[in-house]
Amino acid sequence: MKTLLKNGKIVDGSGKEPYIADILVEDDRIKKIGADIQAEADRVIDCTGLAVAPGFIDCHSHNDWFAARQNNSRFFAPFLEQGITTQVTGNCGFSPFGFDADTQYRKLLGSGLFSIGDAEGDTSTLPAFEKAVKNLPLNLVPLYGHMSGRIGIAGYDSRALTEGELTHFDEIIEQALTDGAAGISLGLMYEPDRYAPYDELKRAAEICAKHGKILTIHGRACSASSTSYSPPVGGRAHNLRALDEMAQLARETGVKLQHSHLIFVGKKSWKTVGEALSIIKKLNGEGLSFKYDSYSLTYGASVISVVLPVWFLSLDKEKQHSKLARLRLAFEIGLTKRVLGFDFSDIVITWIAEGQEALTGKTVTQIADEWGTSELDAYIKLVEMSGGNGRVLMHRYLTKNIVLQLMADENCLFMTDAWVEEQGKQNPSCFMCMPLFLKLARENGLALKDMIHRMTGMAADRYMIPERGYLKEGYFADITVFDKNEIGPGASDEGRPLGISLVMVNGSVAVENGAFTDKNDAGRLLLQKE
């Protein structure tokens, strides 16, 4: 199959100035790039007035959890429609592989946020997961989720692992990396990774560094004050303490480290942006490889229990209901709210449980008013109703000005951190994140070539994705064609974005005239086998 893209403005992913040229695609590869290519083709597409770029790379995704599902297209279509052709998955410590096949804790995998659903067969190892994935609409680059291995060994136990358990864990991690995982991810704000002591994290980082692969970290705190540290307020800003821990890991192990979704939750955290960026710049100046990713929206998705402190989560249910525990919790959360500049009105429910659909789209504050109870009591009840696994959108993560500040920083990569929910309200990032980046760039004087480089070539280099991320002869034909003057969010939060004309995945047309073509087998699982 030959496809000829004519007269497009080539933004090749390198950061170089765009130029007008044709691109000849043959099967899954870019055959030729040049002016006025004269070649027979099965299809000729006029790209006059349009930008032609490498397919966008989403540096932080969780779509591996949907890859082995039957009829999985609906989980991937919105991402293709915003120009994404490759997603880096397994982030925040969550991966659908890399655990003991006979674990008694299988139901805890995914921590209530994710499950493999109706996937056929076992997925406990990466080769088994690869076998279970039948069709992929786009490419996936899987990381190994540290939490999946820890859950498989000890469930949600709030303790350090024994030496024997750690030795076994090392073997699981080694095997996942050898089998082709692009790196390791940690989720230090989630159970059970939040219980992992520093030495356990360092051990994983050392293995990752030995294999020359990337370590991505969801830090212990994303705000100046939090319940992740004790006391919950005072002293050095907690998000900076979390960054300090990552910096220590990078310095002590030399691992290539990616700070997942650099955000600043609550208005009192916004003043820490400058120091955070300075720390990251300093680390790179020391010769370390330390970068971060961010999204274009000012809010993001999470699990409802993420606000609760470690000490409270580690209690059994009876002790959680004790008067002493509730008084301590009320004091800590109340103090954190005041110091942080974040409130229950900033937490929007996207899903609680079957039969509770009426709660979807409401803030915790609104629900408390309806129930005639305090916000904290309403929040705890929502946590319990959902088994701790309710889903929420958290506001005041960023401001538009902070988004622009991060976009302009050379150490920032772009990501969605979104997934299509099976029930409830969707995260708008599923539909508009990359187009919104490009709209913001257009409106604020950020060069298109630099933004495309960040979401394509730089991302491919960072995650060692060969022969992708650039428009080069011989490279795989992952291509996104768009109108640079029109690209942006659609008319609604869950609508198709504007300006995307064509998306090709490995030479196959996956999106045409802005809409998914139902081509669900063009993508590939991109493994880095050793």
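What follows draws every value from the coordinates through simple rules; no lab data is involved. This is a predicted model, so every value here is computed, not measured. Quick reminder, even Gly has a Cβ in these numbers, built from the backbone with ideal geometry, and neighbours come from all protein chains shown.
Observations on the model:
- Rg/Rh, computed from the Cα trace of the chain with Rh as the Kirkwood radius, has the value 0.96.
- Working note: Karplus 6.51/-1.76/1.60 with θ = phi - 60° gives segment 12-23 the couplings 7, x, 8, x, 6, 4, x, 8, 8, 6, 9, 10 Hz, where Gly and Pro are set to x.
- The coefficient of translational diffusion for segment 311-394, derived via Stokes-Einstein from the alpha carbon Kirkwood radius under 4 °C and 1.567 mPa s, stands at 97 µm²/s.
- Scalar couplings 3J(HN,Hα) for segment 86-99, obtained by applying the Karplus form with A = 6.51, B = -1.76, C = 1.60 to θ = phi - 60°, are 9, 10, 8, 10, x, 7, 6, x, 9, 9, x, 9, x, 8 Hz; x denotes Gly and Pro.
- Segment 419-464 shape via C-alpha gyration tensor axes, a/c threshold 1.5: oblate
- Centre-to-centre, using Cα atoms only, segment 271-329 and segment 382-431 are separated by 14 Å.
- Arranged from fewest to most other beta-carbon atoms within 10 Å of their beta carbon, Ser345, Ser111 become Ser345, Ser111.
- Taking 0.36 nm per residue of separation and subtracting the current Cα-Cα distance, fully stretching the chain between Asp102 and Lys281 would add 60.0 nm.
- In segment 413-467, chymotrypsin sites (Phe, Trp or Tyr not before Pro) in a DSSP loop with at most 12 other beta-carbon atoms within 10 Å: none
- Axis angle, to the nearest 10 degrees, between helix 163-178 and the longest C-alpha principal axis of the chain: 10 degrees.
- Candidate aspartates and glutamates - alpha carbon under 20 Å from Lys337, same-chain residues fewer than 8 apart omitted: Asp346, Asp369, Glu375, Asp377
- Here the gap between Gln356 and Glu252, fully extended at 0.36 nm per residue and compared with their Cα-Cα distance, gives a gain of 32.7 nm.
- Ala408 paired with Asp122, simple spin-label distance in nm, labels 7 Å along Cα-to-beta-carbon: 5.4
- For segment 12-95, applying the loop criterion from DSSP together with a ceiling of 11 other beta carbons within 10 Å to the GluC sites (Glu not before Pro) yields Glu40.
- Think of segment 369-409 as having a plus end and a minus end, set by charges on the Cβ of Lys, Arg, Asp and Glu; of Ser386, Leu376, Leu406, Leu406 sits farthest toward the positive end of this dipole.
- Enclosing the Cα atoms of segment 1-43 in their convex hull gives a volume equal to 63 cubic angstrom per residue.
- Pairwise FRET efficiency - Ser322 versus Ser158, Cβ, R0 = 30 Å, nearest 0.05: 0.95
- With neighbour counts taken as other beta-carbon atoms within 10 Å, the residues Glu494, Glu318, Glu332, Glu191 rank, fewest first, as Glu318, Glu494, Glu332, Glu191.
- For Arg69, net neighbour charge (Lys/Arg +1, Asp/Glu -1) across residues whose Cβ lies under 11 Å away: -2
- Solution diffusion estimate, µm²/s, Stokes-Einstein, segment 162-201, Kirkwood Rh from C-alpha pairs, 4 °C, viscosity 1.567 mPa s: 116
- 5 angstrom amide H check on Arg29, placed H, neighbours 5+ away: Ala477
- Entry note, segment 311-394: relative contact order of 27 percent, from Cα contacts under 8 Å with a spacing of 6+ residues.
- As a length-normalised measure over Cα pairs under 8 Å and 6 or more apart, the relative contact order of the chain settles at 22 percent.
- Near Ala119: Cβ cut-off under 10 Å, other residues only, Lys/Arg at +1 and Asp/Glu at -1. The net charge is -1.
- Listed by chain and number, the lysines whose alpha-carbon sits under 25 Å from that of Lys16, ignoring those within fewer than 8 places in the same chain, are Lys6, Lys31, Lys32, Lys281, Lys291, Lys439, Lys449, Lys472, Lys484.
- Were the residues from Thr48 through Lys271 laid out at 0.36 nm apart, the gain over their Cα-Cα distance would be 75.8 nm.
- Here Ala330 and Met464 are evaluated by their C-beta separation; at R0 = 41 Å the FRET efficiency comes out at 0.30.
- Legend: calculated FRET efficiency, Glu443 to Ala491, from the Cβ-Cβ distance at R0 = 22 Å, rounded to 0.05, equals 0.75.
- The trypsin sites (Lys or Arg not before Pro) found in segment 451-530 that occupy coil by DSSP, while having at most 14 further C-beta atoms within 10 Å, are Lys529.
- Around Glu200: net Lys/Arg minus Asp/Glu count, Cβ-Cβ under 14 Å: -3
- Fraction of beta bridges assigned by DSSP in the chain that are antiparallel (%, nearest 5): 55
- Table column - 3J(HN,Hα) (Hz), segment 232-243, Karplus curve with 6.51, -1.76, 1.60, x for Gly and Pro: x, 9, x, x, 5, 3, 5, 5, 6, 5, 5, 5
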